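**Q** Handing you this structure, nothing more for now.
No value in this document is a laboratory result; all are computed from the given coordinates. A quick note: this is a predicted structure, and the numbers were derived from the prediction, not measured. Neighbour counts are summed over all protein chains in view; Cβ atoms, including those assigned to glycine, are modelled from backbone coordinates with ideal geometry.
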Amino acid sequence: MTMAEAVAEAIDDSSHLLVQAGTGTGKSLGYLVPALAHGERVIVATATLALQRQLVERDLPRTVDALHPLLRRRPEFAMLKGRSNYLCLHRLHEGVPQDEEEGLFDQFEAAAPTSKLGQDLLRLRDWSDETETGDRDDLTPGVSDRAWAQVSVSSRECLGATKCAYGAECFAEMSRERAKLAEVVVTNHALLAIDAIEGAPVLPQHEVLIVDEAHELVSRVTGVATGELTPGQVNRAVRRAAKLVNEKAADQLQTAAEGFERLMELALPGRLEEIPEDLGYALMALRDAARTVISAIGATRDKSVQDEDAVRKQALASVESVHDVAERITNGSEWDVVWYERHDRFGASLRVAPMSVSGLLREKLFADRSVVLTSATLKLGGDFNGVGASLGLAPRARRATTFRSGRASTSAPPSTTRSRGSCTSPSICRAPRATATGRTCWTSSRS
């Protein structure tokens, strides 16, 4: 049985599949062919930009052309990234909310035209009239992160297409519309994690997910699920919110920020087995003050603030981020680990992350869709047990198949039976999607 056949059966049976296939063996074609033939939407998630571009610019066009005589149709495909990867026309034309003063400032006037930042911004303005995608990666040569930050927004900072004067021309919204019309949508692990774990509907509806470079998935999901607090971040939230709320609420947040900053000056790198009492009080003060400010921002309007919606949205994003992390740490989940980090340039930071994302993946990723995971390096110690556990898959029926020169050699534990999994051939064992917590087919391909 080839990899393409195994993937096709997993899709048809609504089961999960792990496939190890070495670099250069045609792994991408092994899942693209059955994905295109499926006829319904399939999400393909990769870890690296290089593979995303390879899929969209080379592999998918060639595969569509090759399959056209058989399928008698040309399946559409699209790439979808996070909002901050696309040029924001509102930021470009209206300016950037500033922390110290009210309203927006013109970044093009603020940056010296002869400086690197000024030159990058001028290039971005010219490029905005030429680009059809607004995708940062389509700009060659690229620009600095500092310059890009002046013309992009996070999902939390975005005004929303219905409220934004440039909503009809929004590059991020257009990319989402293209994705809705595509049968194959190529995205990244981070956006997949946001969609599945945070419950943010950023990907179009789908019942089949293919994860390439799957050995990176756990670390990427952990990154999305990690929270951070720094004095600079908190003070930035204070400055942004101060001009939008009453003096009492602003002072409460300022006082909490000062208390947190004093503690962070003494922070030593390392894990916190328990939250120190003084840190606990500081975080509760931050949490409560941030909650007060969030309510105050939502309840007040100030027409004297230029482009108030954009200013308000950025302030809310900053304060909500502080609130969410402070609340998470003070709640003290037994599944989280908390630690201090110290950077020579940026100072101390307080971080919180799940000890394991296996439970999140099992509940949020595998429960309601068929998932195929593939990589050149999935097996550890000769089997899939390690990666299966880290992904939240703990199969009762396990069967590993290795393809060598067209022949399949199979090993299975004595407990593998038809009643505990649907064995479609001597070399493949299928598991219904509904039993994601238990039965999964694990397959290794080397040729």
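**Q** Consider a paramagnetic label point 7 Å from the Cα of Ala389 along Cα→Cβ; state which residues of segment 322-356 have an amide N under 14 Å from it.
**A** 356, by backbone N distance to the label point.
**Q** Okay, next question. Rounded to the nearest 0.05, what FRET efficiency is calculated for Phe346 and Asp251 with R0 set to 30 Å and r the Cβ-Cβ distance?
**A** After rounding, the FRET efficiency stands at 0.65.
**Q** I've got another one for you. Under the Karplus relation 6.51 cos²θ - 1.76 cosθ + 1.60, θ = phi - 60°, what is the ordered set of whole-Hz ³J(HN,Hα) values for segment 138-154, x standing for Gly and Pro?
**A** Those phi angles translate into 8, 8, 10, x, x, 10, 5, 4, 4, 5, 5, 4, 6, 10, 9, 9, 7 Hz.
**Q** Consider just the alpha-carbon atoms of segment 227-354 and return their Rg together with their Dmax, both in angstrom.
**A** 14.9, 48
**Q** Can you find, among Leu89, Pro69, Thr46, the residue sitting farthest towards the positive end of the charge dipole of segment 40-92, where Lys and Arg contribute +1 and Asp and Glu -1 at Cβ?
**A** Value computed over the given set: Leu89.
**Q** Determine, for each peptide in 24-36, 282-294, the mean count of other beta carbons within 10 angstrom over its residues, then list the peptides with the highest first.
**A** 282-294, 24-36
**Q** Here's something else I'd like to know. What list of whole percents do you get for P(r) of segment 141-277, with Cα-Cα distances grouped in 10 Å bins up to the one holding the largest distance?
**A** 8, 24, 32, 24, 12, 1
**Q** Let me ask something else. Net charge within 12 Å of Ala182 by Cβ-Cβ distance, Lys/Arg positive one each and Asp/Glu negative one each, not counting Ala182 itself?
**A** Charge balance in the 12 Å sphere: +1.
**Q** Evaluate the charge dipole of segment 227-354 about its Cα centre and quote only its size in Debye, nearest 20, assuming +1 on the Cβ of each Lys and Arg and -1 on the Cβ of each Asp and Glu.
**A** Here the size comes out at about 540 debye.
**Q** Can you tell me which of 317-330, 251-264 comes out highest on packing, and rank the rest after it, using the mean Cβ neighbours within 10 Å?
**A** Averaged packing, sorted descending, gives the order 317-330, 251-264.
**Q** Starting from the 7 Å offset along Cα-to-Cβ, what nm value, one decimal, do you get for the label separation of Leu49 and Thr23?
**A** Each label point is offset 7 Å from its Cα along the Cβ direction, giving 1.9 nm.
**Q** For the pair Glu277 and Ala190, what calculated FRET efficiency results from E = 1/(1 + (r/R0)^6), where r is the Cβ-Cβ distance and R0 = 41 Å, to the nearest 0.05?
**A** 0.70
**Q** Starting from the Cα-Cα distance between Asp65 and Ala376, subtract it from 0.36 nm times their residue separation and give me the gain in nm to one decimal.
**A** 109.3 nm
**Q** Pulled fully out, how much extra length does the chain show between Arg73 and Lys163, if you take 0.36 nm times their separation in residues and subtract their Cα-Cα distance?
**A** 28.6 nm
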